[in-house]
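Read-outs throughout are calculated quantities, based only on the coordinates presented, and are distinct from any laboratory measurement. Predicted, not measured: the structure shown is a model, and the values here were computed from it. Cβ placement follows ideal geometry from the backbone for every residue including glycine, while neighbour counts extend to all protein chains displayed.
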Amino acid sequence: MDNLEKDIVEYFKKIGAVQGMDELSSTIIGILYSAVKEITMEDIVRKTGYSLASISNKIKFLSDIGLITKKTKPGNKKIYLYMEKDFMKMIHSGLLIIEKKLDITKKEIPL
């Protein structure tokens, strides 16, 4: 990672910690945010030193909650990852996640 990418990753780690997100998920978000185009899980493994299994597990979580996008390309089995760079869209996604949590809480905990 170059210095700018490291700074971006550190920023997202701090933001993630405030939101209760684990360090690896925050690191992945920082790497994807700093990426100019989509990158593969193998790229993230190389940049972080974590195992493919660990990265895959976190990618599934981040994709399920809508923070990142996964896709494949024809004739290639690799999974390519992308993250929205527009902060307003990111905030909107965050609000949707909070709304989902509130809906679950309302259903599970009677008032």
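Tell me, what does the Kirkwood hydrodynamic radius of region 33-77 come to in angstroms if you use every pair of distinct C-alpha atoms?
Roughly 11.4 Å, rounded to one decimal.
Label residue 45 and residue 72 with points 7 Å out from Cα along Cα→Cβ: what is the distance between them in nm?
1.7 nm
If each residue of separation counts as 0.36 nm, what is the full-extension length gain between residue 90 and residue 56 once their alpha-carbon separation is subtracted?
10.1 nm
Compute, for the chain, the length of the dipole vector about the Cα centre, with Cβ point charges of +1 (Lys, Arg) and -1 (Asp, Glu) only. Units Debye, rounded to 20.
My answer is approximately 380 debye.
Could you work out, for region 31-111, what percent of all Cα-Cα pairs fall into each 10 Å distance bin, beginning at 0 Å and stopping at the bin that holds the largest distance?
With a bin width of 10 Å, the distribution comes to 16, 40, 27, 13, 3, 0.
Using only Cα atoms, locate the centre of region 44-105 and the centre of region 1-41, then give the distance between them in Å, rounded to an integer.
About 12 Å separates the Cα centre of region 44-105 from the one of region 1-41.
Considering only the other residues whose Cβ falls under 13 Å of the Cβ of residue 91, what net charge follows from Lys and Arg at +1 and Asp and Glu at -1?
Its environment carries a net charge of -1.
Sum -39500 (n - 2.57) across every DSSP H segment of at least 4 residues in the chain, then divide by the residue count to get the 222 nm mean residue ellipticity, nearest 500.
Computed mean residue ellipticity for the chain: -20500 deg cm²/dmol.
Could you pull out the longest piece of the chain with no exposed loop trypsin sites (Lys or Arg not before Pro) in it, calling a site exposed if DSSP puts it outside H, G, I, E, B and it has at most 16 other Cβ atoms within 10 Å?
No qualifying site falls inside 38-84, the longest such stretch.
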